[in-house]
Every structure is written in structure tokens, then in C-alpha cells.
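Enquirer: Below: one structure in C-alpha cells.
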Amino acid sequence: MKKNLLVLLIFAALLNLAACAGRKPAVYKKTKPLMDTLVTITVVTNSEGEAEKAIDDALSTIDRFSGLINFFSDRSELAQINGDAGIRPVRVSPDTLGVIERAVFIAEKSGGAFDPTIGPETRMWDFPKKIRPPDASIREKLGLVNYRDILVDREKSTVFLRRKGMMLDLGGIAKGYAADMALENLKRNGITAGLVAAAGDIRAFGLKPDGTPWNIGIKNPRQNSKADELIARARLTGKAISTSGDYERYFIEHGRRYHHLLDPKTGYPAGGCRSVTVISDSGLYADGFSTAVFVSGPEKGMRLVTDAGVDALIIDKDGGIHTTPGLKGLVTFEDGH
Amino acid sequence: MQLQDKHRIAVLSAYALSLHGFEGLLPTPIPWLRLGLANIITLVALMLYGFRTAMTVTLIRVVLASIFTGTFLGPSFMLSLGGGVSSAAAMGIAWAVSRSFFGPVGLSLIGALFHNAAQLALAYLIFIQRFEAIMIISPVIILIGAVTGLMNGIVGGLLIKNLSHE
Amino acid sequence: MKTVIRNTTCADRLLFFLLILASCAGIFISREAVSQSSDVLIEVNGKPAYTFPLAGDRTVTVNGPCGPTVVEIKDMKVRIREASCPNRLCLKEGWIAKGVIVCLPNRIVVTVGGKSAGSPRGVDAVTG
């Protein structure tokens, strides 16, 4: 009889175990093409329905925001600001105003290494088609690049570009800001842990179901093989990470690499670095400063990150690695680096 | 074959068929869940009259049941035949190896296991051809098979005891 | 009840326990394994359009904003065979057995290898 009870008990325990398995927190993930890239949102929750709802909500927030600041769409608020440059101030939504204000802040902080008015220059390049604008045009448009000519009126919620032909291009911070917005949205929907990745602009919060921080791979700017080869990995929680690299959009002509990270002072691709990864509390700053540091080059860039209070991993044009002390313990390098 | 044997096979097959039919009438929580009550008869036949009788009874049961339900030579008949034959064969081998190692419960469990394994393999070959689907369902079916196999083994054991007392 | 237990041999009981344990373990293992099984998921504009097992050759045409894109599954590998997007970067990806092929202009994402496909070597996301 005793033995029989034991059998029953073990059986009941096993059934219980099976029933509980469905209720422990799990990772839910969804990817959508947005903002001309792939946005992946990962959340940790114990209900699939909740995850689905929160992720969809956050994705549609990004979709809405990208509609406002899309450089290539004629109907975006950004296009209106650009179209009315030198003519009249344009009334914009708080999100657009916010991202432009912060873009100006990063431009000031970096002494113009990051400049959102780089639009007239970026417009002339076409990296997939390997189109390099003539030197004369690059020099000519350079006069239109100056963040000091952005007038933001907070009270009236307007933005005005002082000279005709000026163009805002928020590509350098938009994805980081989108990740911030999506993350706030997830939190409002009761999510306590997750990961928002707008391509390489990533924000992590909370912990994984196993209680460990999120593992973020940092790509090696010079890939030996086709698979995403990593140079390091970062363990993050409550932080944002962004990378600007000369390998994302580029072409090679006569042995020279032309990439999308243009120096606002010259109009040509900045040559000091291969890639810059910045870790910050905000996605927008991580995104913006990674561009600013890339353009500044390793030495000035290091001073900039120390000054701005963010952490960075810089791989210079010769493959040398520079890091801030704050990265110790956060970032581990792969073998051979 | 003795007349007595034929008589015995006929009676056992009739029992197996009626249990098979009866089982089909029972409401089950999951549509494809079968109790395998007919296996009780195979078990009893094996332990009291030997492997030949058990296998013959199984074959008769499978063929007649499918003729009655109009599925003879159809896919579900294949499943039923494969399950029945491999189950009877596995029990027969275990019984032949040692008569004291496994009791009726153990034999019934072996029968249930091989019945399910054969059906899963056939289902994979005939219908599904999706390995993951089979992987997911196999342990569940084997778990249920262990429980029903246990019950059938107990009932079969009691039956054998009573029959051999007479 | 007592007589029933006495009627079972040690082997009987052992077999029962083993079956229960093995099948319970199997339920967990198979659930884990299948969650990262090799399926080919084709998404258009963020919505799943098709899911196919990687084992099973077939060719399917999906329509995105730029027009049709032809996805081919063969010998446990996937590729984009024809595309109507402007840059055709997706064609250059060639055959993959695991991972993702993306056609941004046509908003098509082909994922092979389940949920963990996008995270190589235990990484949750990649920057750069």
C-alpha cells in the first residue's frame, strides 16, 4: 500500500511540474522592418498575450515616430522643415521637437563633429549604387552645414532652418531615440525586462529569465568570414549601446573606402576610426555620440566621451582598440582581440 | 491446430472485438486517446495459451474490426495492424525470454510501448512527415500508454488469475 | 490493491517508473528542442506570411511593396532566388542553413532556425 502511495505521489508531482512549466517568465521576440532597418523587440514576461500586445504597441510607436522624421518621405515633419528652410518656421510635434533639440545639444557638445544639418551632403551620396558626388558639389554644399542655424522655439513648438537649402538629417540619432521611445512604451505596458534593437542601436532593461544581464555582441569592423563575427561582448542592463562603423554602408573606389559617416567639416567620410561603440543611459545619446566620436577620431573622441560622461570602445583606422575605464567588467573581448 | 484451439481463438477474438468496439464508444478527453482494452485479451491469450494464439487473436481482431468499420486496408487499418502486430510480437518475445521476469503488468506496459512506437513510426511515414510534430507528441503518447498499459496489465493479471483458478 | 501489487514483479515496477520518467523528461526535452527547430519563417512587413519546415524542398513567391520575391527551400537550405527589389542585396546572401535573409526594400524577412536564429553564440543582440 505504501509503495502504491509513493507511485501516486511521484506521478502527481511530475504532473504538477509539467503544469507549472507554462507559467514561468519566458522570452518573447518580434522583428519588423522599420526605419529602413530591422527593429527587434524582446520582452520577458509570463504571458504570451501580454508580450504580443506590448511589443506591437512599441513597434507601432516606432513606426509613427519614423513617419515624423523620415528624411526620404515628403510627408514627414522633417521634410516640411527642410522644405521651408529659409522661408518660415514649421510647427512640429513634441517628439520631433525633442529629438531635434537633443541633436543640437550633441552637436554643441561635440563641437560640430555630429551635425544634424549634414543633410545636403548625405543626400548626394548613394552607397549601394557607389555614387560619389563631385568634389565641387561637396565644397559648395558645405556652407549649408551648420547646426547653429537651427532655430528651435520651444514655446511655439517650431523649428526653423535659417538658410534656404539647409536640410536636417536625423539618421545619426533617430534609431537611438526610437529605441528609447519603444522602451518607455514597453514599461508603460507593464514590461519589466527586455531589449529593443533598432539594428545596432540597442537598449536593454531588466534581466533575462535566468537572472543574468543581456548579452550584446559588438561586431568586428573587419569581418574575416561571412557570419557576424564579434570583437567583444557587453553585458548590459538599464543601458543603451550603439555602434557607428565604416562598414555599414560603404563602397570602395580606387582602394579607398567611402562610407556613410561624413565629417560635417569636410563633407567627406571621416577617416579616424573603423568603428565606435558607445554605452550610455540613453539610446539617443549612445547613437548620437557614437557618430560624433567616430567623426572626431580616437584622440578627440576619447576626450569627448569622458567629457560627456559616457563609455566608449573605439577601434581606430589601424585596428587599435581604445576603451574608457568604465567598460571594465561590462565588456569582454573575444579571443584574439 | 486442435479443435479446442480454434474454439479458444474464436472466443478470445470475439472478446477482443467487443472490447475494441466498446472502447470506441467510450468518451475520451482527447480524441486520439485509446485505452487499448483489446490488448488485455492479447495479454491473456499470450500468458495462458502462448504466442501463436495471441498473434492470431490480434490479427483477427484488427482485420475484423476494420472490416466492420469500413476502414480495411486504409491508413487507419495500417496503423492498427502495425501497432497490434508489433505489440503482440514484443510481448511474445519478452514472455519467451523469461516467464518470471515480467508479470502481466510489465508485459502489458511493453505491449503498450511498442504499440505506440509502431503507430508513431507509421504515422510519420504515412501522414505527417514532420519530425518535430512526432517528437512533441511521442513522450505524451508514451506517458499515456504507460498509464493505460498499467491498468490493462492489472485487469489482465486479475483475469489470468481467475481463469487459471478454474 | 494489495494483491495487485503482490502480483507485479520488480521488473514490472521498474519498467513503469522508467516509462513515466522517460516520457516526462521527453516532454520537457522535446518542448525545448522544438522551440528552436528548423523552420523557415517568411515575413512580409513584419507579419508572418508562411512557415515551412526546412526539410522539404519547395519554392514560394511572396509579394512585397516592390513586387514578387521568390524564396527557394532546397536540401535544408534557403535562398532568395528572384527579387524585384532595387538593390538585390538579398540575392547576394546566397544559400543559408541558419540565420536571416532580409530584403528591406521589399520588407521581406526570411528566418531559418527558429527564435534563436538571430542570436549567434549566446548573444541576445548585435550592435554594429
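Throughout, read-outs are computed from the coordinates displayed, never taken from laboratory work. Owing to the predicted nature of the structure, the values given are computational and were not obtained by experimental measurement. Backbone-built Cβ (ideal geometry, glycine too); neighbour counts: all protein chains shown.
Enquirer: Mind listing the phi-derived Karplus ³J(HN,Hα) values for the stretch B:11-23, rounded to whole Hz, using 6.51, -1.76 and 1.60 with θ = phi - 60°, and x for any glycine or proline?
Expert: In residue order, the calculated couplings are 5, 4, 4, 4, 4, 4, 4, 5, 5, 4, x, 4, 4 Hz.
Enquirer: Alpha carbon centre of the stretch A:203-268 versus the stretch C:83-113: separation in Å?
Expert: Their Cα centres are 20 Å away from one another.
Enquirer: Separate question: Sort A:76-89, A:158-171 for me by packing, meaning the mean count of neighbouring Cβ atoms within 10 Å per residue, highest on top. Could you put the intermediate results ahead of the total?
Expert: Working: A:76-89: 17.9, A:158-171: 19.4.
Result, highest mean first: A:158-171, A:76-89.
Enquirer: State the antiparallel share, in %, of DSSP beta bridges confined to the protein assembly as shown, rounding to the nearest 5. Mind dumping the intermediate values first?
Expert: Numbers: 87 of 90 bridges.
Rounded to the nearest five, the antiparallel share is 95 percent.
Enquirer: OK, next. Given an 8 Å cut-off on Cα distances and at least 6 residues of separation, report the relative contact order of chain A as a percent.
Expert: Working: 689 pairs, mean separation 54.9, N = 337.
Once divided by the residue count of chain A, the mean separation gives 16 percent.
Enquirer: From the cross-link list A:Lys30/C:Lys98; A:Lys130/C:Lys74; A:Lys300/A:Lys328; A:Lys187/A:Lys300; A:Lys30/A:Lys156, which pairs have alpha carbons spaced over 29 Å apart?
Expert: Numbers: A:Lys30/C:Lys98 17 Å; A:Lys130/C:Lys74 33 Å; A:Lys300/A:Lys328 21 Å; A:Lys187/A:Lys300 36 Å; A:Lys30/A:Lys156 38 Å.
Result: A:Lys130/C:Lys74; A:Lys187/A:Lys300; A:Lys30/A:Lys156 exceed 29 Å.
Enquirer: Taking H placed 1.01 Å from N in the peptide plane, check which residues at least 5 places from A:His260 or on another chain put their amide H under 5 Å from its amide H.
Expert: A:Arg249
Enquirer: For a label point 7 angstrom out from the Cα of B:Arg52 toward its Cβ, which stretches of the stretch B:66-105 have the backbone nitrogen within less than 20 Å?
Expert: Correct set: B:85-86, B:88-99.
Enquirer: Here is a follow-up. Please check: in the Gaussian network model of chain B (C-alpha springs, under 10 Å), which one of B:Leu17, B:Leu81, B:Leu73 has the largest mean-square fluctuation.
Expert: Between B:Leu17, B:Leu81, B:Leu73, it is B:Leu73 that shows the largest mean-square fluctuation.
Enquirer: What percentage of all Cα-Cα pairs in chain A are separated by more than 39 Å? Can you show the working numbers first?
Expert: Working: 10968 of 56616 pairs.
Cα-Cα pairs in chain A separated by more than 39 Å: 19 percent.
Enquirer: In a GNM of chain A with a 10 Å cut-off on Cα contacts, which of A:Ser275, A:Ser244, A:Ser137 has the highest mean-square fluctuation?
Expert: Answer for the Gaussian network model of chain A: A:Ser137.
Enquirer: Separate question: Between the stretch A:99-170 and the stretch A:41-91, what's the alpha-carbon centroid distance in Å?
Expert: Rounded to whole Å, the Cα centres lie 20 Å apart.
Enquirer: Explain nothing, just the number: dipole magnitude of the stretch A:213-337 about its Cα centre with +1 on each Lys and Arg Cβ and -1 on each Asp and Glu Cβ, in debye rounded to the nearest 20. It would help to have the intermediate numbers written out before the result.
Expert: Working: 15 positive and 15 negative charges, 13 e Å.
Dipole about the Cα centre, nearest 20: 60 debye.
Enquirer: Now for a different question. Build a GNM of chain B with springs between Cα atoms under 10 Å: which of B:Leu113, B:Leu43, B:Leu122 gets the top mean-square fluctuation?
Expert: It is B:Leu122.
Enquirer: For peptide A:211-219, how many partner chain Cβ atoms fall within 10 Å of a residue's Cβ, on average?
Expert: Per-residue shielding by partner chains comes out at 4.
Enquirer: Within 10 Å of each Cβ in B:148-157, how many Cβ atoms from other chains are there, averaged over the peptide? Present the calculation step by step, with values, prior to reporting the outcome.
Expert: On the way: counts 0, 3, 8, 0, 0, 6, 6, 1, 0, 5.
Rounded to a whole number, the mean comes out at 3.
Enquirer: Something else now. Okay, helix-only estimate at 222 nm for chain B: each DSSP H run of n ≥ 4 adds -39500 (n - 2.57), divide by all residues, round to 500 deg cm²/dmol; what do you get? Working shown, then result.
Expert: Working: 6 runs with 132 residues, N = 166.
For chain B, the value works out to -27500 deg cm²/dmol.
Enquirer: When the helices in chain A are scored as -39500 (n - 2.57) per DSSP H run of 4 or longer and the sum is shared across all residues, what 222 nm value do you end up with, to the nearest 500 deg cm²/dmol? Could the numbers behind the result be given before it?
Expert: On the way: 9 runs with 116 residues, N = 337.
It comes out at -11000 deg cm²/dmol, rounded to the nearest 500.
Enquirer: In Å, what is the Rg of the alpha-carbon atoms in the stretch A:112-231, and how long is Dmax?
Expert: Every Cα atom of the stretch A:112-231 included, Rg and Dmax give 19.7, 57 Å.
Enquirer: Here is a further query. Please give the contour-minus-distance gain from B:Ala96 to B:Asn162: 0.36 nm per residue of separation, less the Cα-Cα distance, rounded to one decimal in nm. Show your work: numbers first, answer last.
Expert: Values: separation 66, 0.36 × 66 = 23.76 nm, distance 2.25 nm.
Taking B:Ala96 through B:Asn162 to full extension adds about 21.5 nm, to one decimal.
Enquirer: Stokes-Einstein diffusion coefficient for the stretch B:3-165 at 10 °C in a medium of 1.306 mPa s, Rh from the Kirkwood formula over Cα pairs: what value in µm²/s? Intermediate values should be presented prior to the final figure.
Expert: Details: Rh = 15.9 Å.
After rounding, the answer is 100 µm²/s.
Enquirer: Here's a follow-up. Quick one: Karplus J couplings for the stretch B:106-112, per residue in order, coefficients 6.51, -1.76, 1.60, θ = phi - 60°, nearest Hz, x for Gly and Pro?
Expert: My calculation for the stretch B:106-112 gives x, 4, 5, 5, 4, x, 4 Hz in order.
Enquirer: Starting from the Cα of A:Ser47, step 7 Å toward the Cβ, then list every residue of the stretch A:180-195 with an amide N under 19 Å from that point.
Expert: What the label zone holds, given the 19 Å backbone N cut-off, is A:185-194.
Enquirer: Over the whole of B:99-110, what's the average partner chain Cβ count within 10 Å per residue? Rounded to a whole number, please. Don't jump to the answer; show the numbers that get you there.
Expert: Values: counts 0, 2, 4, 7, 8, 4, 10, 9, 3, 3, 6, 3.
If you average over the peptide's residues, the count of other-chain Cβ atoms is 5.
Enquirer: Give the calculated FRET efficiency between A:Met124 and A:Asp149 to the nearest 0.05, with a Förster radius of 30 Å applied to their Cβ-Cβ distance.
Expert: Values: r = 19 Å, r/R0 = 0.64.
That pair, A:Met124 with A:Asp149, gives E of 0.95.
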